[in-house]
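Inspection log for the structure reproduced underneath, given as structure tokens.
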Amino acid sequence: MTHLLASARRRGPGVHLSRRKRGWGGVAAVLLLVTGCGSSGPPQRTVTVFAAASLTKAFQAEGKAFQDSHPDLRVTFSFAGSQSLVAQVQQGAPASVLATADLATIAAVKSRLSGPPVVFAHNQLAIATAKGDPLHLTTLASLAKPGLKVVLAGPTVPVGKAAANALKAAGITVHPVSLEDAVTGVVTKVRLGEADAGIVYATDLTGSDVGGVALSGTSTSLAIAALSGIPAPADAEAFIAFVRSDPGHTILTSYGFQ
Amino acid sequence: MRPRTPLLLAVPAGVSAVLLLLPLLALLDRTPWGRLPGLLGRPDVQQALWLSLRCALAATALSLLLGVPLAWVLARTPLPGRRVLRGLVTVPLVLPPVVGGVALLLAFGRRGVLGDLLVEAGAVPAFTTWGVILAEAFVALPFLVLTVEGALTALPRDAEEVAGTLGSAPLRVFLTVTLPAVGPSVAAGTVLAGARALGEFGATTTFAGSLPGRTQTVPLAVYALLQDDPAAAYALSAVLLAVSVLLVLGLRTRVR
């Protein structure tokens, strides 16, 4: 770097030189910023949790409470459709805990888990509509109305699979306008008013600005497990134990999980 | 005499070449060539390919029809605020596509600025193939406008002025003198716009959703397939890579 600067000083005219100098100043500032970010606070260990999109709010609250009781640990989350998280784990993503919206999805990475996955909460399907449900969409059958814009999750997404099963069991055919890759995508399209309705989880209606109604008799099971071959298995197990503990369960129920 | 390449430049140059080429080679390595004809013959894959082709062609045609006149206005008219407009046209070029999708929703969605008008007309583009074309044109148009505008600005005006003094109407001058002169740039801009349209992902999935046969173009299909059928995703990716290589080759021969 000094060599380059020196040669610029020797050869370049004055204006050129000062511009060059400013350029390096910018680089130095960026370097300072980058290194500055890395050296804040005492050393902490991190638990990386890959969790189903439907757990976004609940697990953020779990993470906060967990960090309060474990000051030496930090939790970072990656929320996405369970099928997407499983695909990432198969590609070697550095997760220490995996929590999916159903058992079938987590079973696809059984060989990468440290033990059998446990069911830690239950959810229900729900119809999401605009606030106040102006179109009176309270049953699966009402979603078959022609001209209605219904959004579902894709067939590999747990909520999409569960919705397809529920529709099939009820003998109802719905023509969706979009197949989203996570339940949050369905909720967003309904919230923005682009879709009239979507099939989501009951928990997505809790404290949300979308309307809708839970569908009875559509229970789903959320599963959690630590991954094998991770640097600090005890930390991962501590997070799972916290989620399954009484305080952990209270948080989950406050977000509508059972 | 050839100067010696300094090590300080040769090493990062080599690293950047590896960075750019290794992922592409890895994709080719993992592509299930033996299964390729079968995979590409699958109805769901064909559906995505045809949809992508149709949408990209339509978006490119739209960009051409709307973009060349805009480039001309930016380069040739004393429009006030022209420089600002030129800058603003560039914004979609560097805007994260997903932000473009959000912006499109806020403009053309049911609850968007033009929402009531579009609902009235029964022409809400969200969740339709038109929505895909609109999203693709939004990201592709700036490539065409900037390429053509640059060429027009660099073009000496003598010929146009002569044609004008000889009594040709301005539109005739544009069509018979100006346009042929910047033909190669129009072609290059069209290819760039087409490539961008074909690869569009973020704005499409945000604005138009993802439904096989209607809005799930090849990039969206690749993303969806990667989660349960990686081999099919690799195969479709290889197709897009091949198209990209062809476009680049086409562009190079054009420019020469």
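Nothing in this text is a laboratory measurement; each read-out follows from the coordinates by a stated rule. Computed from a predicted structure; not experimentally measured. For neighbour counting, all protein chains shown are included, and Cβ atoms are generated from backbone atoms with ideal geometry for every residue, glycine included.
Based on Cα atoms of the range B:56-255, Rg over Rh with Rh as the Kirkwood radius reads 1.04. Within a straight-line Cα-Cα reach of under 25 Å, A:K57 can be paired with the following lysines, leaving aside sequence neighbours fewer than 8 residues apart in one chain: A:K131, A:K161, A:K189. Remark: the A:K110-A:A234 segment gains 42.7 nm on full extension, using 0.36 nm per residue and subtracting the alpha carbon distance. Relative contact order of chain B, taken over Cα pairs closer than 8 Å and 6 or more residues apart, is 29 percent.
The label point for A:R74 and the one for B:L25, both projected 7 Å from the Cα toward the Cβ, are 3.6 nm apart.
Between the amide H of A:Q124 and those of A:A202, A:T203, A:T220, distances stay under 5 Å, these residues lying 5 or more places away or on another chain, with hydrogens modeled in the peptide plane.
Over all pairs of different C-alpha atoms, the range B:40-103 has a mean inverse distance whose reciprocal, the Kirkwood radius, equals 14.5 Å. Taking the Cα centre of the protein assembly as shown as reference, the dipole from Cβ charges on Lys and Arg (+1) and Asp and Glu (-1) amounts to some 2160 debye. Over every Cα atom in the range A:94-195, the radius of gyration and the widest Cα-Cα span, Dmax, amount to 15.7, 48 Å. Annotation: extensible slack from B:L85 through B:L247 equals 55.4 nm (criterion: 0.36 nm per residue apart, minus Cα-Cα distance).
What is the distance, in nm, between label points placed 7 Å from the Cα along the Cα-to-Cβ direction at A:V213 and at A:Q90? Label at A:V213, label at A:Q90, 3.9 nm between them. I'd like to know which of B:G194, B:A13, A:A234 lies farthest towards the positive end of the charge dipole of the protein assembly as shown, counting +1 on Cβ of Lys and Arg and -1 on Cβ of Asp and Glu. Most positive-ward Cα: B:A13.
In the range B:1-46, the inverse of the mean reciprocal separation of distinct Cα atoms equals 13.8 Å; this is its Kirkwood hydrodynamic radius. With kT/(6 pi eta Rh) evaluated at 37 °C and eta = 0.692 mPa s, and Rh the Kirkwood radius from Cα pairs, the protein assembly as shown diffuses with a coefficient of 123 µm²/s according to Stokes-Einstein.
For the range A:105-258, the average shadow cast by the Cα convex hull is 9.8 nm², which is a quarter of the hull's surface. I need the calculated FRET efficiency for the pair A:T138 and A:T253, taking r as the beta carbon distance and R₀ as 22 Å, to the nearest 0.05. For R0 = 22 Å, the calculated efficiency reads 0.35.
Once the Cα-Cα distance is subtracted from the 0.36 nm per residue extended length, the B:L7 to B:V99 segment shows a gain of 29.0 nm.
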